[in-house]
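Undergrad: Got a structure for you, questions after.
Nothing in this text is a laboratory measurement; each read-out follows from the coordinates by a stated rule. This structure is a prediction, so every number in the text was calculated from the model and none was measured. For neighbour counting, all protein chains shown are included, and Cβ atoms are generated from backbone atoms with ideal geometry for every residue, glycine included.
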């Protein structure tokens, strides 16, 4: 009898887990090529998440920062979000130049990742590009949600054009 009771509870929980619950907002990641194609139709800033498969902090940032609903929504609305593996083997064409993977040591690096970080490779690195596809700023390292939010608002709201980030942060009130 007791085994039947546990079997019933297990079956009930299994059945409930199959319902489609509304999914939280997620960042709608694009490839670099997809973002450029969309940008050609409708210019928008790019947010590029440079990562590697072996990078632990990259995974933590995906789980803790990019998974935050308010952050994901803001990114999707204000940027073309790109997830770019800095060790990918496929070449990328951009502005008349072919960027390739360059083997170095045990791994290697993609030339586009090096160009986006101004040859200061670190993972994760978040790179922001403006509507003209010029680099605004690469930001190396793991960013907690509370660190990412003012950066997104500073760049997404074009405040970087008129005020220093430290001055912006002094008057910043969380709004995401």
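Undergrad: Between residue 38 and residue 63, what is the FRET efficiency for a Förster distance of 35 Å, r being their Cβ-Cβ separation, to the nearest 0.05?
TA: Calculated transfer efficiency: 0.85.
Undergrad: Still on this structure, I have one more. Taking the Cβ-Cβ separation of residue 170 and residue 78 as r and a Förster radius of 25 Å, what is the calculated FRET efficiency to the nearest 0.05?
TA: The computed FRET efficiency comes out at 0.65.
Undergrad: Quote the relative contact order of region 25-171 in percent (integer), defining contacts as alpha-carbon pairs under 8 Å separated by 6+ residues.
TA: Relative contact order, region 25-171: 27 percent.
Undergrad: Helix-only mean residue ellipticity at 222 nm, the chain, DSSP H runs n ≥ 4 weighted -39,500 (n - 2.57), per residue, nearest 500. What is it?
TA: Using -39500 (n - 2.57) per qualifying helix, the result is -11000 deg cm²/dmol.
Undergrad: Could I ask something else about it? Determine the relative contact order of region 84-153: mean sequence separation of Cα pairs under 8 Å and six or more apart, normalised by residue count, in whole percent.
TA: 19
Undergrad: Would you mind getting me the FRET efficiency between residue 162 and residue 107? Use the beta-carbon distance for r and R0 = 41 Å, nearest 0.05.
TA: After rounding to 0.05, the efficiency reads 0.50.
Undergrad: A follow-up question, please. Of all DSSP beta bridges located in region 25-171, what percent are antiparallel, nearest 5?
TA: 70
Undergrad: Between residue 28 and residue 122, how many nm apart are label points set 7 Å from Cα along the C-beta direction?
TA: 3.2
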